[in-house]
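Visitor: This is the structure I want to talk about, given as structure tokens.
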Amino acid sequence: MWRVRHALAIVLLLLAPSRLSAQQTPELRWGGDAEGGAPFVEADPSDPMKVIGFDVEIAQLLAQGLGRMSRFVQVGFTSLDAAAARGDFDIGLSGIEDSAARRTRLAVTIPYYQFREILTVRAADGARYRTLADLAGRRVATLGATLAYDLLLEAQAEHGVVPVTYEDDVHPYSDLAIGRVDAVLLDEVLAERGVRRNPGLMNQLAPVGVGHYVGILSAGNAGLRDRMNDILRQAMADGRLEAIFRKWKMWNDDQPEMYARLTAGSAPPETASSSAPVATSSWEAAVRYLPALLRAAAITVVLSVLSMALAIALGAALATGRVYGPRPVQIVLTAWVELIRGTPLLLQLFVLYFGLAAVVQLPAFLAALLGLGINYAAYESEIYRGALQAVPRGQLEAARTLGFSEMQSLRLIRAPQAFRLALAPMTNDFVALLKDSSLVSVITVVELTKQTSIFAANIGSWVLPGVMCAAMYLVLSLPLARFARKIEKGWGR
Amino acid sequence: MTSVLEVFDLYVDRNGQPVVQGVTFTAGVGERVALMGPSGAGKTTVLRAIAGLEQSAGAVTLSRSSTYDLREDPFALHRTSPVGMVFQFHHLFEHLTALQNVALAPVQVSRIPRDEAERRAKDLLDQLGVGHRMHARPHELSGGEAQRVAIARALAMKPLLLLMDEPTASLDPARRDDLASTVRRLSEDGTTILIATHDTAFAGACVDRVLLLHDGRIVREGRPADVLA
């Protein structure tokens, strides 16, 4: 009994501080992506546990106005909308653009910053590529599911520009510098930073479009949103917002104009035009997106089949080396397999595509193929090694008494028998690879899942795109499993 | 009699334990010899050592006694694997048909054209009474059929010496008599046959000589009627 009371006391003691602080000052939980970096939100270089940036200061300003303590919640940029809708935080602030789609499904604050979408090109191309029209047939990079992406889709239809989507805002500029793309279209804040980090790039100052940063709340939180709008208007009037943007060297003449209109009580500016009208029914949207999804599914299939072929060839070589090779070869190959199996595929893709870019610039599709192929080869080699070792010793002894060489015995007896043992796990691996191929979107390959997420971001719902995407993956993987079962049966095992 | 096989002072250890301890014997052309003795006496190990499947000490010498007309068949010397082995559990190649099992080594090892190898394989299977099963896979064969396919597979390489490990283990009495006559017929063609068996009736019916093993040593040797009496 004493022990129980003692333990209870310790538990209460542990809980006490958080409960107390929660009672004293309520929190304003705000979501952002620290990967977005300066000047938005980034880990403080002198104290990586803390975040700094203009969005951090706006969150503090809002918390102060509400009499709360601001607390940062890390959320990936592309998940911010969904997390806001779910109520994972009170408000999302991370250079989030105002859009018609956001306004329909979330409570959106008034804008606190107006930006221009501008083109960044290599300085040598400064005279050649001034507008999107100059970039016909050229690859232009941007972030997926942004205003800039919508502008690029329009330019694709109008001028034949080729949009290339990235998941982060650093690599579009580094890839521009090394020539993988010919221009980047993003907002001027990112463009400024991109040019600063990559000498040899320049910004075309004529704006391609205009957008606004806003805070996002769940649709049911309109009351809190309205109180925040009041705080923002006040901060516009008394110069506190100006102070923040001056501190981060982002202040320009566009802002006072917008602030004057907003503090005078006029409605927020119209959202920039978007190629995708939001008001269409999901059915219409599905029909509109079907060709893009089918094309993306074809990319998934081609990529998966080629990667698997590479994985099988490499895996067979690795397994043979590990079973038949001399001891040093076995050790090196085992270390390689463990290295590949022990590190994330995502990391391997990054290293292949971005890490090696200084040495060899692999095209995105080739990097994806190599990344998947090399990764899965490690798993295949384990399957083949196990299968080779599972072939009964008597089979090999019989081959030996008939005069087969080791090589003949492997080629004619052991490998064919091991292949049948390996077929079922290989089929599983192929289905897994089919799904893992979705990871290559991080190196700009738009395959089925990426296309689906673009679709979902556009119509503001995952339900229909998710169902369509799942159906396509099933159509691809189910016949495969059936086919493999049939072969196994045919071999009479 | 010209000896085909000379085994001298053969030793085999397994896990540090001696299994065969100084076995010495010879076998002549067309001779039928049985290795007999209780389980664990080392019969199978002696066969495996002769087939090159065991690490062993001592000497195993195989001498060619046949003569070939090299003008007619310049590769004759390369075309025979001197030792053929019929395993107790046959070890037929699971992924191949009976015919493919028999023809594979002649095609791949002796480089005989596939057509000819298959024709000869078919003949062998016919002679052994399993020609009608040539397209069956090993798992579809009965024990007796599988054994005859295994014998055909070994004979296809025209061995000087045929080793058989417990050949009657999977046979009913009628099949056992068939096998005894097959063994006699093969030796009449000049093939030397060494059989590890504990089946005294079978040995009595078909071998010329019995080597009785005990604890890895030959303890008696002589005609079946004398040794097995």
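The values are calculated or read from the model by the stated rules, or taken from the named source; none is laboratory data. All of these numbers come straight from a predicted model, not from anything done at the bench. We place every Cβ from the backbone using ideal geometry, glycine too, and count neighbours over all the protein chains shown. All accessible areas refer to the heavy atoms of the entire protein, side chains included, with ligands and DNA or RNA removed. Shrake-Rupley method; radii C 1.70, N 1.55, O 1.52, S 1.80 Å.
Visitor: I'd like the accessible area for B:Ser181: 1.4 Å probe, protein heavy atoms, all chains in place, Å² to the nearest 10.
Guide: Here the accessible area works out near 50 Å².
Visitor: Which net charge results when you count Lys and Arg as +1 and Asp and Glu as -1 among the other residues whose beta-carbon is under 13 Å from that of B:Ala121?
Guide: In short, +3.
Visitor: I'd like the Karplus ³J(HN,Hα) series for region B:143-157: coefficients 6.51, -1.76, 1.60, θ = phi - 60°, whole numbers in Hz, and an x wherever there's a Gly or Pro.
Guide: x, x, 5, 4, 5, 5, 5, 5, 5, 4, 4, 5, 5, 4, 8
Visitor: What net charge do the residues around A:His159 carry, taking every other residue with its C-beta under 11 Å from that of A:His159, with Lys and Arg at +1 and Asp and Glu at -1?
Guide: That sum, taken over residues with Cβ under 11 Å, equals -2.
Visitor: Between A:Ala470 and A:Ala123, take the C-beta separation as r, use R0 = 51 Å, and let me know the FRET efficiency to the nearest 0.05.
Guide: Result of the calculation: an efficiency of 0.65.
Visitor: Identify all lysines with a Cα-Cα distance to A:Lys486 below 18 Å; exclude those on the same chain that are fewer than 8 residues away in sequence.
Guide: Excluding near neighbours in sequence, the set is empty.
Visitor: Given a 1.4 angstrom probe, what's the average accessible area per residue across region A:43-160, in square angstrom?
Guide: 41
Visitor: Return the long-range amide H neighbours of B:Val19 (sequence gap of 5 or more, or a different chain), with a cut-off of under 5 Å between placed amide H atoms.
Guide: B:Val12, B:Asp13, B:Arg14
Visitor: Could you run the Karplus curve 6.51 cos²θ - 1.76 cosθ + 1.60 with θ = phi - 60° over region A:430-435 and give me ³J(HN,Hα) per residue in whole Hz, x for Gly and Pro?
Guide: 5, 5, 5, 5, 3, 7
Visitor: Rounded to the nearest 10 degrees, what's the angle between the helix B:114-127 long axis and the longest principal axis of chain B, both from Cα atoms, 0 to 90?
Guide: Taking the Cα atoms of chain B, the angle to B:114-127 is about 60 degrees.
Visitor: For the pair A:Thr343 and B:Arg119, how long in nm is the line joining their label points, each one 7 Å along Cα→Cβ?
Guide: Output for this residue pair reads 6.1 nm.
Visitor: Buried by at least 40 Å² relative to the chain on its own: which residues of region A:370-409 qualify, computing accessible area with a 1.4 Å probe on protein heavy atoms?
Guide: Buried by the other chains: A:Gln395, A:Glu397, A:Ala398, A:Arg400, A:Thr401, A:Leu402, A:Phe404, A:Gln408.
Visitor: Also, I was wondering about something else. With contacts defined as alpha carbon pairs under 8 Å and 6 or more residues apart, what's the relative contact order of chain A in percent?
Guide: 14
Visitor: Kindly state, to the nearest 0.05, the FRET efficiency for B:Ala59 paired with B:Val219, given R0 = 22 Å and r defined as their beta-carbon distance.
Guide: Step by step, r from the Cβ atoms, then E = 0.55.
Visitor: Still on this structure, please answer the following. Let me confirm one metric for peptide B:95-107, namely the mean number of other chain beta-carbon atoms within 10 Å of its residues' beta-carbons.
Guide: Details: counts 11, 4, 0, 0, 0, 0, 2, 0, 0, 6, 8, 2, 1.
That average works out to 3.
Visitor: Another one. Helix A:54-66 versus the longest principal axis of chain A: what angle, 0 to 90°, nearest 10, using Cα atoms?
Guide: 50
Visitor: Pop out the carbon and sulfur fraction of the accessible area of the protein assembly as shown as a percent, whole number, probe 1.4 Å.
Guide: Taking all protein chains in place, the protein assembly as shown shows 57 percent carbon and sulfur surface.
Visitor: Further, regarding this structure: What nm value, rounded to one decimal, do you get for the distance between A:Glu406 and A:Gln156 when each label is placed 7 Å out toward the C-beta?
Guide: Reported label-point gap for A:Glu406 and A:Gln156 is 5.4 nm.
Visitor: Order the peptides A:263-270, A:75-82, A:137-144, A:209-216 from the highest to the lowest mean number of other Cβ atoms within 10 Å of their residues. Mind dumping the intermediate values first?
Guide: Working: A:263-270: 11.1, A:75-82: 18.6, A:137-144: 21.1, A:209-216: 23.1.
By packing density, highest mean first, the sequence is A:209-216, A:137-144, A:75-82, A:263-270.
Visitor: Additional query: Give me, ordered by chain and number, the residues 5 or more places off A:Ala141 or on other chains with an amide H under 5 Å from its own placed amide H.
Guide: Those qualifying (amide H under 5 Å, at least 5 residues apart or on another chain) are A:Val164, A:Asp182, A:Ala183, A:Val184, A:Leu185.
Visitor: Sequence-distant or interchain residues sharing an amide H contact under 5 Å with B:Gly129, placed H: which?
Guide: none
Visitor: Which whole number gives the average count of other chain Cβ atoms within 10 Å of the Cβ atoms across peptide B:82-92?
Guide: Per-residue shielding by partner chains comes out at 3.
Visitor: Report relative contact order for region A:294-410 in percent, whole number only (criteria: Cα-Cα under 8 Å, sequence separation at least 6).
Guide: Averaging sequence separation for qualifying contacts and normalising by length gives 39 percent for region A:294-410.
Visitor: Follow-up. So, in Å, what gap is there between the alpha-carbon centers of region A:175-247 and region A:99-167?
Guide: 14
Visitor: How much length would be gained if the chain were fully extended between A:Leu294 and A:Phe483, taking 0.36 nm per residue of separation minus their Cα-Cα distance, in nm to one decimal?
Guide: Full extension from A:Leu294 to A:Phe483 adds 65.8 nm.
Visitor: What's the center-to-center distance, using Cα atoms, between region A:407-474 and region B:95-167 in Å?
Guide: With region A:407-474 and region B:95-167 each reduced to a Cα centre, they are spaced 44 Å.
Visitor: May I pose another question? At 1.4 Å probe size, with every protein chain present, just tell me what the per residue accessible area of region B:187-229 comes to in Å².
Guide: I get 47 Å² per residue for region B:187-229.
Visitor: Also, quick follow-up: Return the value, in Å² to the nearest 100, of accessible area buried between chains B and A (probe 1.4 Å, both sides summed).
Guide: Numbers: alone 11370 and 24180 Å², together 33790 Å².
For chain B against chain A, roughly 1800 Å² becomes buried.
Visitor: For peptide B:109-118, what's the mean number of Cβ atoms from other chains within 10 Å of each residue's Cβ? Please report the intermediate quantities before stating the final value.
Guide: Details: counts 7, 2, 0, 0, 0, 0, 0, 0, 0, 0.
Mean shielding count: 1.
Visitor: Okay, next question. Angle between the Cα long axis of helix A:147-159 and the longest principal axis of chain A, 0 to 90 degrees, nearest 10?
Guide: 70
Visitor: Could you tell me what percent of the DSSP beta bridges with both partners in the protein assembly as shown are antiparallel, to the nearest 5?
Guide: Within the protein assembly as shown, antiparallel bridges account for around 55 percent of the total.
Visitor: Would you mind getting me the FRET efficiency between A:Ser266 and A:Glu192? Use the beta-carbon distance for r and R0 = 30 Å, nearest 0.05.
Guide: Efficiency at R0 = 30 Å is approximately 0.55.
Visitor: How charged is the neighbourhood of B:Arg133? Take every other residue with its Cβ under 11 Å from the Cβ of B:Arg133, and add Lys/Arg as +1 and Asp/Glu as -1.
Guide: Taking every Cβ under 11 Å from that of B:Arg133, the sum is -1.
Visitor: For a quick check of understanding: with a 1.4 angstrom probe and all protein chains in place, what accessible area in square angstrom does A:Arg102 have, to the nearest ten?
Guide: 30
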